[in-house]
Amino acid sequence: MPNESTRTVWVALAADLGIGLAKAGAAVLTGSAAMAAEASHSLADVATGVILVVAQHRSSRDPDEQHPLGYGREIYFWTLLAALGVLVAGAAFSLREGILELIHPSVTSRFAVAYVVLALSTCLDLISFRQSAGQMSNQARRRNLSLLSQSKTTSDPSLRTVFVQDAVSVSGDVMAFAGLGINQITGSSIPQGIVAVLIGLLLIRAGFRLVQRSHDFLVGAWSLTSLAPKGRKADDFTQPFQPTDEEGLRTFLLGYPGVTAIRELLATFVGPGRVWVIVHLEIDDTLRGDQVTALVRGIDSGLKLASEYIYRVDVVPLDRSYCP
């Protein structure tokens, strides 16, 4: 998954760089507010792509004495910064351009240049979107989820960020086409101002959504569906296992020889596709020390074989008389 996500990020970065430069040039030549808003959006995506490359590199470092669980969660920190800083900055510029256009309408010229650049940009955005949506769709198929559900719950922030940005970019291209077309037909640049404001609002919505998801993973929010607060859906703001995953864990543990009950079962992500499981178990009081050691090792290896996402297992055996 990390290799595929790296490819997705690089495809998006290359596309956004070409798109951003082309749109910036077209905005200068045509004086179009919609093109200026789209240029700021694309250049913000470039900055996000650079941050994602850095994040993937830093989060892939091996565990050490100071970081025994590795550096996987660092990617959530960097993607949070990318969403909060870059996307909101792009949105602010788009809103500024749109509001200025509505207050002081300008004259747009060379519509043909704008249309050609937008057409090329849309093609590049669709290429990037095909890559990110394809990877997201493959993951969703393996998890028996819809594409949108997978985009909410995936533990890979690089993929989620690129997927959301690509979707917003394609939507922005369509809105920019509409704004330019209405401007050319009516002779009024007000529609372009409205489009620029809409693009800014769309970026703000996407940015806050990405910030929320990165925050949840960064602070290690609960990832088992049974721990979801009452009245809230598990995929609203957390990174849950599927109910079948949790049921499978409990079935495996309760069926393991020597285990009599589960006192506590916790799981949290320590990086993309890396789950840390902590389990407190009541065990048979008659087990000897070597048998308890064998039980702990067996559960550790069994859980890791049962799920590709389980990165580390900590088993705490307790006798029935133990009361915390």
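Hey, what's the chain come to in accessible area per residue, 1.4 Å probe, Å²?
So the chain comes to 47 Å² accessible per residue, rounded to a whole number.
How do 51-64, 16-29 rank on mean C-beta neighbours within 10 Å, highest first?
By packing density, highest mean first, the sequence is 16-29, 51-64.
How large is the accessible surface of residue 120 in square angstrom, using a 1.4 angstrom probe and rounding to the nearest 10?
We get 110 Å² for residue 120.
Can you tell me what share of the DSSP beta bridges in the chain is antiparallel? A percent to the nearest 5 is fine.
Antiparallel bridges make up about 55 percent of those DSSP assigns within the chain.
Leaving ligands, DNA and RNA out of it, report the carbon-plus-sulfur percent of the accessible area of the stretch 5-57 at a 1.4 Å probe.
Carbon-and-sulfur percentage of accessible area, whole number: 81.
At R0 = 45 Å, how high is the FRET efficiency between residue 185 and residue 305 if r is their beta carbon distance? Nearest 0.05 is fine. Intermediate results must be reported in sequence, preceding the final value.
Values: r = 64 Å, r/R0 = 1.41.
Once the sixth-power term is evaluated, E becomes 0.10.
Hey, with R₀ at 45 Å, roughly what FRET efficiency would residue 110 and residue 142 work out to, going by the Cβ-Cβ distance, to 0.05? List each step's numbers first, then the result.
Details: r = 48 Å, r/R0 = 1.06.
According to the calculation, E is roughly 0.40.
I need the peptides 160-166, 178-184 ranked by packing, meaning the mean over residues of other C-beta atoms within 10 angstrom, with the highest value on top.
Numbers: 160-166: 26.7, 178-184: 19.9.
The densest-packed peptide leads the list: 160-166, 178-184.
Hey, what number do you get for the chain at 222 nm if only DSSP H runs of n ≥ 4 count, each worth -39500 (n - 2.57), divided across all residues, to the nearest 500? Display every interim value, and only then the final one.
Working: 10 runs with 209 residues, N = 324.
Theoretical 222 nm ellipticity from helices: -22500 deg cm²/dmol.
Once ligands and nucleic acids are excluded and a 1.4 Å probe is used, how much of residue 215 is accessible, expressed in Å² to the nearest 10?
Probe radius 1.4 Å; accessible area of residue 215 about 90 Å².
How would you rank 305-314, 196-205, highest first, on the average number of other Cβ atoms within 10 Å across their residues?
Descending mean neighbour count gives 196-205, 305-314.
Can you compute the charge dipole magnitude of the chain about its Cα centre, using +1 on each Lys and Arg Cβ and -1 on each Asp and Glu Cβ, nothing else charged? Give it in debye, rounded to the nearest 20.
The dipole of the chain has a size of about 520 debye.
Amide H to amide H, which residues 5 or more places from residue 70 or on other chains are under 5 Å from it, using H placed in the peptide plane?
Counting only residues 5 or more places away or on other chains, the set is 64.
Whole-Hz Karplus ³J(HN,Hα) for the stretch 62-71, in order, using 6.51 cos²θ - 1.76 cosθ + 1.60 and θ = phi - 60°, x for Gly and Pro?
6, x, 9, 5, 7, 10, x, 8, x, 10
By Kyte-Doolittle mean hydropathy of at least -1.0 and Cα axial length of at least 30 Å, which whole DSSP H helices of the chain are selected?
Helix filter hits for the chain: 2-30, 33-59, 111-143, 157-186, 190-218.
Expressed as a rounded percentage, what relative contact order does the chain have, with Cα pairs under 8 Å and six or more residues apart?
Relative contact order here is 19 percent.
For the stretch 1-141, what's the relative contact order in percent, using C-alpha pairs closer than 8 Å and at least 6 residues apart?
Across the stretch 1-141, relative contact order equals 34 percent.
Full extension from residue 264 to residue 3: what is 0.36 nm times the residue separation minus their Cα-Cα distance, to one decimal in nm? Could you put the intermediate results ahead of the total?
On the way: separation 261, 0.36 × 261 = 93.96 nm, distance 3.45 nm.
Fully extending the segment from residue 264 to residue 3 adds 90.5 nm.
The values are calculated or read from the model by the stated rules, or taken from the named source; none is laboratory data. All of these numbers come straight from a predicted model, not from anything done at the bench. So basically every Cβ, Gly included, is an ideal-geometry build from the backbone, and we count neighbours across all protein chains shown. Side chains are part of the model used for accessible areas, which takes the heavy atoms of the whole protein and leaves out ligands, DNA and RNA. Shrake-Rupley method; radii C 1.70, N 1.55, O 1.52, S 1.80 Å.
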